[in-house]
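Quick notes on the structure that follows.
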2 protein chains.
Amino acid sequence: MSEDADGIDGDSDANSEIGVEIPPLDEAAREQARGRQDGLAKPPGSLGRLETMAAEIAAMQATPEPTVDPAVITTLAADHGVAREGVSAYPQAVTTAMVETVADGGAAINAICAANDVDSIVVDMGVAGEPEADALDYRIDDGTANMVEGPAMSRRDARAAITAGQEIVADHAADAGMIGLGEMGIGNTTASAAITAALTGRPVDEVTGYGTGIDEETRARKIDTIERALAATEPDPEDPLDVLRCVGGFEIGGLVGVALAAAERRIPVVVDGVIAGAAALLAREIDSQVTDYLLGSHASTEPAHEIQLAALGLMPCVDYEMGLGEGTGAALAIGVYRSACRVHTEMATLDEIGVELDE
Amino acid sequence: MSEDADGIDGDSDANSEIGVEIPPLDEAAREQARGRQDGLAKPPGSLGRLETMAAEIAAMQATPEPTVDPAVITTLAADHGVAREGVSAYPQAVTTAMVETVADGGAAINAICAANDVDSIVVDMGVAGEPEADALDYRIDDGTANMVEGPAMSRRDARAAITAGQEIVADHAADAGMIGLGEMGIGNTTASAAITAALTGRPVDEVTGYGTGIDEETRARKIDTIERALAATEPDPEDPLDVLRCVGGFEIGGLVGVALAAAERRIPVVVDGVIAGAAALLAREIDSQVTDYLLGSHASTEPAHEIQLAALGLMPCVDYEMGLGEGTGAALAIGVYRSACRVHTEMATLDEIGVELDE
């Protein structure tokens, strides 16, 4: 559930470059949904947070009968030049291998999507080398540059990544009931920690975790790498395109575009872990209204995630100490949001079953 | 996840009356499952509790490839004589109305089961009057007697209720991958609080909640009612059949039988809220091995639930401040357990995708 953002100007300079128009929440639909809930065949409030979730989604979708279907996870993949600094437990080639695994249906996200009746879309936003995977092609470039040596990408590419994300929604998810933000990319928890530090002003040490399972020595190197990258590129925290340019990634920019384009269409957006969270922070800097359309998923093991959720006003929906990415937490959460919507729309009313409330 | 119970004798006197034989967990299957997880195409441990869940279910089902399917919620309904003491916000007739609503597919449990691909079975264990609902008929009697005036039922009926629960599994759920314990019955949070107080020795005030949404005055009356019932019937905490006889209900006895019969067949049992929790406590007193086959679902708003879960060694799987019953929390949890099992069995291995772990 999103809360109002803190007086950030929705019409930022970056937004004049991107051109996003997000409608306000439909409070009348929320009230209608709440009214329906009070008459359902159950004690008032006994479905707890499921009731709040359904009313929130009703306000996003501007209907008292919200639905998550068809639900889709967009898993965007790209490579990161900063991986050359040795910040991950895995070599860069794993990104391509994982894109191929998702395309072949063998990744965690495929199984969790299948178990929760969610479609899975995998997108190449710029993995290194020549991928043979059957992924959607929205490539910006052959991986980003190493942010320790200078900006990860050009401002033009930062804008192009966001535009590509918007196009992914227009081309492949315009009719979705709910979209989950997934990603893959060796090095992208490093980029996400850098973005979170740049936008929130929190110390790098606080927002840097163990990613794919690195040891203490590697984490120390990761922190040092992020600090050097921020010093080398000096991202302007007032300018989200500049932050994305300096320390971002193509899949992160793509997710910014997915979130903005979904919100424009009143499609609720389920934020996954710490990379999706960094994208959501950037999207909020472009148009603060986007937070109205964001929903929490799981509580990630990455320390930046809690900081991101607090900044975005989001509550996690499940907590299984997961830290995998790909959109796995979002897919699990969509299962819960579906239950909330279906129980809201399908239950009989007390009137229908002939029970009086006050006796 | 269940932990070992505290040295309760699995071969209780009550068990010699009931005759339950529950097999031990298959630790070899658990180890095989863990071994598989370490080779899956993801960072080790990155699926967090989903991995523990899958390994636990593997040990229950004695297979390294566990599944929740076909999953079923058995919603057992009965009436309670103690409802005449004014302990609920609803009149007794609501039990029959809700049985009809579930049978017609209009209850919360129907929608949440449908959203989570879970079958729903509704069973009349003894609602008052002549129900017209299309429910399975395992009736013991026309509601229980008022426990304030004496035992709620005879020892013979207590045994018959448990036997009926065992038959429900044999007749309708013998091939289930997972069974969730659901219930309906005006007055049954009163019976459950009394059972929990009798078995755990906790004060009635600590285990008594607001049920269907009663006010403070009604809750005070509910506490007084339970204390009078315990004083009038003096249940023997060492004898679960006596506790069921004195302050139980037919649907609660039925759930005891469902849990025992499922555990005998290595079918994992998802405990729902405070009524299912009371049944699980009784089942444990009959055969402590049953706890090996119990899984948590949600964290109910009823205060006895946390006490029950601690006694049973169970962790809730979701927490949405729900207090509805019917099996709704169990149905939500089954969706999560399905994700855990499917990601475990369907993911590719690192070998298959050609990634080395240690480089």
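The values are calculated or read from the model by the stated rules, or taken from the named source; none is laboratory data. The structure presented is a predicted model; accordingly, all values stated were derived computationally and were not measured. Because the Cβ atoms are built from the backbone with ideal geometry, glycine has one as well, and the counts that use them run over all protein chains shown. When the accessible area is computed, the model is the full protein with side chains, heavy atoms only, and any ligands, DNA or RNA have been set aside. Shrake-Rupley method; radii C 1.70, N 1.55, O 1.52, S 1.80 Å.
Where the label is 7 Å out from Cα toward Cβ, how close does B:GLU306 come to the same position in every other copy, in nm, shortest first?
Relative to the other copies, B:GLU306 has label-point distances of 1.9 nm.
Taking amide H atoms as placed 1.01 Å from N in the peptide plane, list the residues 5 or more away in sequence, or in a different chain, whose amide H sits under 5 Å from that of B:GLU183.
Under 5 Å from the amide H of B:GLU183 lie the amide H atoms of B:LEU76, B:GLU326, B:GLY327, each far enough along the sequence or on another chain.
If you take every DSSP beta bridge whose two residues both sit in the range B:68-338, what share of them, in percent to the nearest 5, is antiparallel?
If I count the DSSP bridges inside the range B:68-338, around 0 percent turn out antiparallel.
What residues have an amide H closer than 5 Å to that of A:LEU314, excluding those fewer than 5 places away on the same chain, when H is modeled at 1.01 Å from N in the peptide plane?
none
Which three lengths, in whole Å and largest first, does the protein assembly as shown cover when its Cα atoms are put on their principal axes?
Per principal axis, max minus min of the Cα coordinates gives 82, 56, 39 Å.
Step through the residues of the range B:75-81 one at a time and calculate ³J(HN,Hα) from phi using the Karplus curve (6.51 cos²θ - 1.76 cosθ + 1.60, θ = phi - 60°), rounding each to whole Hz and writing x for Gly and Pro.
9, 9, 10, 7, 9, 10, x
How far, in nm to one decimal, is B:GLY201 from itself in the other copies if the label point is set 7 angstrom along Cα toward Cβ? Shortest first, please.
5.6
Using a 10 angstrom cutoff on alpha carbons, build the Gaussian network for chain B and name the most mobile of B:GLY273, B:GLY39, B:GLY86.
B:GLY39
Whole-Hz Karplus ³J(HN,Hα) for the range B:206-220, in order, using 6.51 cos²θ - 1.76 cosθ + 1.60 and θ = phi - 60°, x for Gly and Pro?
Per residue, the Karplus-derived 3J(HN,Hα) values read 6, 9, 10, x, 9, x, 7, x, 7, 8, 4, 4, 5, 5, 4 Hz.
Given labels modelled 7 Å from the Cα in the Cβ direction, how far is it in nm from A:GLU217 to B:THR349?
Once both label points are built, they end up 2.9 nm from each other.
Compute the orientation-averaged projected area for the range A:252-316 from the convex hull of its Cα atoms and round it to one decimal in nm².
Average of the hull's projected areas for the range A:252-316 equals 3.5 nm².
Quick check: net charge around A:GLY335, other residues with Cβ under 12 Å of its Cβ, Lys/Arg +1 and Asp/Glu -1?
+1
Using Stokes-Einstein with the Kirkwood hydrodynamic radius over Cα pairs, what translational diffusion coefficient do you get for the range A:66-128 at 20 °C and a viscosity of 1.002 mPa s, in µm²/s rounded to a whole number?
D = 166 µm²/s.
Going by accessible area, probe 1.4 Å, with all protein chains left in place, what is the ranking of A:ARG221, B:ARG84, B:ARG266, largest first?
Most to least solvent-accessible, the answer reads B:ARG84, A:ARG221, B:ARG266.
How compact is the range A:68-338 by the rule of thumb for globular proteins, expressed as Cα Rg over 2.2 N^0.38 Å?
In units of the globular-protein estimate, the range A:68-338 measures up at 0.87.
Hey, what do the phi angles of the range A:156-170 turn into as Karplus ³J(HN,Hα) couplings, whole Hz, using 6.51/-1.76/1.60 and θ = phi - 60°, x for Gly and Pro?
4, 5, 4, 5, 5, 5, 5, 4, 4, x, 4, 5, 4, 5, 4
For B:VAL274, what charge total do you get from the other residues with a beta carbon under 11 Å from its beta carbon, if Lys and Arg give +1 and Asp and Glu give -1?
Taking every other residue near B:VAL274 into account, the sum is -4.
Just the accessible area for B:ASP69, please: 1.4 Å probe, Å², rounded to the nearest 10?
Looks like 60 Å² after rounding.
Along the three principal axes, how long is the range B:122-179 when you take its alpha carbons, biggest first, rounded to the nearest angstrom?
42, 27, 16
Can you give me the Kirkwood hydrodynamic radius for the range A:288-336, using every pair of distinct Cα atoms, in Å to one decimal?
Taking the inverse mean of 1/r over all distinct Cα pairs, the range A:288-336 comes out at 11.1 Å.
With +1 on the Cβ of every Lys and Arg and -1 on the Cβ of every Asp and Glu, and nothing else charged, how large is the dipole of the protein assembly as shown about its Cα centre, in debye rounded to the nearest 20?
About 120 debye.
Determine the sum of side-chain charges near A:ILE140: Lys and Arg each +1, Asp and Glu each -1, restricted to other residues whose C-beta is under 13 angstrom from that of A:ILE140.
Residues near A:ILE140 contribute -3 overall.
Which value, in debye to the nearest 20, describes the size of the charge dipole of the range A:100-177 about its Cα centre when Lys and Arg Cβ atoms bear +1, Asp and Glu Cβ atoms bear -1, and nothing else is charged?
Using Cβ point charges on Lys, Arg, Asp and Glu, the range A:100-177 gives about 460 debye.
Starting from 0.36 nm per residue, how many nanometres of slack lie between B:GLU306 and B:GLU17 once their C-alpha separation is accounted for?
My answer for the length gained is 101.0 nm.
Quick one: label points 7 angstrom along Cα→Cβ at B:PRO70, distances to the other copies in nm, smallest first?
Result for B:PRO70, in nm, nearest copy first: 2.8.
Within the range A:175-206, find all residues whose amide N lies under 11 Å from a label point positioned 7 Å from the Cα of A:ASP142 along Cα-to-beta-carbon.
none
With no solvent and one equal point scatterer placed on each C-alpha of the range B:1-148, evaluate the Debye formula and give log10 I(q)/I(0) for q = 0.13, 0.14, 0.19 Å⁻¹, two decimals.
Debye intensities relative to I(0), on a log10 scale: -0.89, -0.96, -1.10.
Taking Cα centroids, how far is the range B:173-194 from the range A:241-318 in Å?
40
Given the options B:GLU51, B:GLU85, B:GLU130, which has the most mean-square fluctuation in a GNM of chain B, springs set between C-alpha atoms less than 10 angstrom apart?
In the Gaussian network model the winner is B:GLU130.
What residues have an amide H closer than 5 Å to that of B:ASP26, excluding those fewer than 5 places away on the same chain, when H is modeled at 1.01 Å from N in the peptide plane?
HN-HN under 5 Å from B:ASP26: B:MET60, B:ALA62.
Using only helices, what value at 222 nm comes out for the protein assembly as shown when you add -39,500 (n - 2.57) per DSSP H run of length 4 or more and divide by the total residues, to the nearest 500 deg cm²/dmol?
Taking each H run of at least 4 residues, the total per residue is -15000 deg cm²/dmol.
A:CYS317: accessible area at probe 1.4 Å, nearest 10 Å²?
Roll a 1.4 Å probe over it and A:CYS317 shows about 10 Å².
Which Cβ of chain A lies nearest the axis of the rotation superposing A onto B, and at what whole-Å distance?
With distances in whole Å, chain A gives A:GLY335, 2.
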